[in-house]
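I have placed the structure first, in the form of structure tokens, so that the comments after it can refer back to it.
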Amino acid sequence: SHDDALLEVSNIEVIYNHVILVLKGVSLTVPKGGITALLGGNGAGKTTTLKAISNLLHSERGEVTKGQIRYRGERVAELNPSELVKRGVIQVMEGRHCFEHLTVEENLLTGAYTRTDGRAAVQKDLEMVYDYFPRLRERRRSQAGYTSGGEQQMTAIGRALMSRPETILLDEPSMGLAPQLVEEIFGIVKSLNENEGVSFLIAEQNTNVALRYAHHGYILESGRVVMDGPAAELRENPDVKEFYLGMA
Ligand code: ATP
């Protein structure tokens, strides 16, 4: 247990369909004000870990069968996603998930649904989102389904920001995007972290990018954390270099 821990995942096991053991005792900590990367190859269990935290496994016949998940010291395993949002934790799912028939701005506004602090405050945050994502300001009247993959990823992150989160769980933000856009999105994540104090847990297969922007990394293999450490140390680790950064 850490003093600055916001999110603490302790030794969780996840089983799908009552039989398939996918997480075999995963523990990780997301400190306040940090960017934490959850790394690993296809099928290692990154998405499952994020869904376990946000209590999104039921619809996939998945279940946390062991271990604990705490946010600010409080057990959150029984909270539904919108209760979790009210406590400051929001997930941006893999594959963006915009409402394709709504405009970019309408999508952003749907992110404010749990708020009770009034129109002016929401409007102010919309401007804040547009300041971080100038492309979204340009595209605000476009139907989201017709915007590019990168713009949809930005819309998904912007929508999450509209809930005024303390922590964002970001699933594979680089997926399907050109390298330059990936850098742009990670750069914005970094400035949100530094300027707004948002903490991030980012699931990523792109180890190279994630370890350049994160403070701390965890590496998952077959449902277990096999290594973790400060991002700068992981970048220099010979095994990480060989197996995840592609340089022996
Ligand atoms: P990816 O980047 O491909 O999403 P990941 O590290 O996020 O990989 P998960 O999606 O968490 O991995 O999947 C971990 C394992 O759980 C995989 O072997 C996958 O086949 C299995 N799995 C995922 N969802 C289900 C499900 N609904 N039912 C059964 N098995 C599942």
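A few comments on the model shown:
- Where the Cα pairs of the stretch 192-248 fall when distances are cut into 10 Å bins, in %: 22, 55, 19, 4
- Placing unit charges on the Cβ atoms only, positive for Lys and Arg and negative for Asp and Glu, gives the stretch 130-181 a dipole magnitude near 320 debye about its Cα centre.
- The stretch 103-248, dipole about Cα centre (Lys/Arg Cβ +1, Asp/Glu Cβ -1), debye to the nearest 20: 520
- Pairwise alpha-carbon distances in the chain exceed 32 Å for 19% of all pairs.
- Shape call, the stretch 119-186: gyration tensor on alpha carbons, a/c limit 1.5: oblate
- Taking N as its residue count, the alpha carbon Rg of the stretch 1-100 over 2.2 N^0.38 Å: 1.06
- Extension reserve of the Glu233-Leu102 stretch, reckoned as 0.36 nm per residue once the Cα distance is removed: 42.8 nm
- Choice from Gln180, Gln68, Gln123 with maximal GNM fluctuation in the chain (Cα, 10 Å cutoff): Gln180
- Dipole axis of the chain (+1 Lys, Arg; -1 Asp, Glu on Cβ), positive-most option in Gly34, Ala112, Met154: Ala112
- The stretch between Arg75 and Ile188, if pulled fully straight at 0.36 nm per residue, gains 37.6 nm over its current Cα-Cα span.
- Dividing the convex hull volume of the alpha carbon atoms of the stretch 93-149 by its residue count gives 88 Å³ per residue.
- Using θ = phi - 60° in the Karplus curve 6.51 cos²θ - 1.76 cosθ + 1.60, the 3J(HN,Hα) couplings for the stretch 141-154 round to 9, 7, 5, 4, x, 9, 8, 6, x, x, 5, 5, 5, 5 Hz; x is entered for Gly and Pro.
- The charge dipole of the chain, taken about its Cα centre with unit charges on the Cβ atoms of Lys, Arg (+1), Asp and Glu (-1) only, comes to about 460 debye.
- Carbon and sulfur %, accessible surface of the chain computed with the full protein complex present, 1.4 Å: 47
- Per residue, the accessible area of the chain comes to 47 Å², computed with a 1.4 Å probe over protein heavy atoms only.
- 5 Å-binned pair-distance histogram of the stretch 117-242 (Cα, whole percent): 2, 9, 19, 21, 19, 13, 8, 5, 3, 1, 0
The values are calculated or read from the model by the stated rules, or taken from the named source; none is laboratory data. If you're wondering where the values come from, they're calculated on a predicted model, not measured in any experiment. When we count neighbours, we look across all protein chains shown, and the Cβ atoms used for this are built from the backbone with ideal geometry, even at glycine. Please note that ligands, DNA and RNA were not included when accessible areas were found on the heavy atoms of the full protein model with its side chains. Shrake-Rupley method; radii C 1.70, N 1.55, O 1.52, S 1.80 Å.
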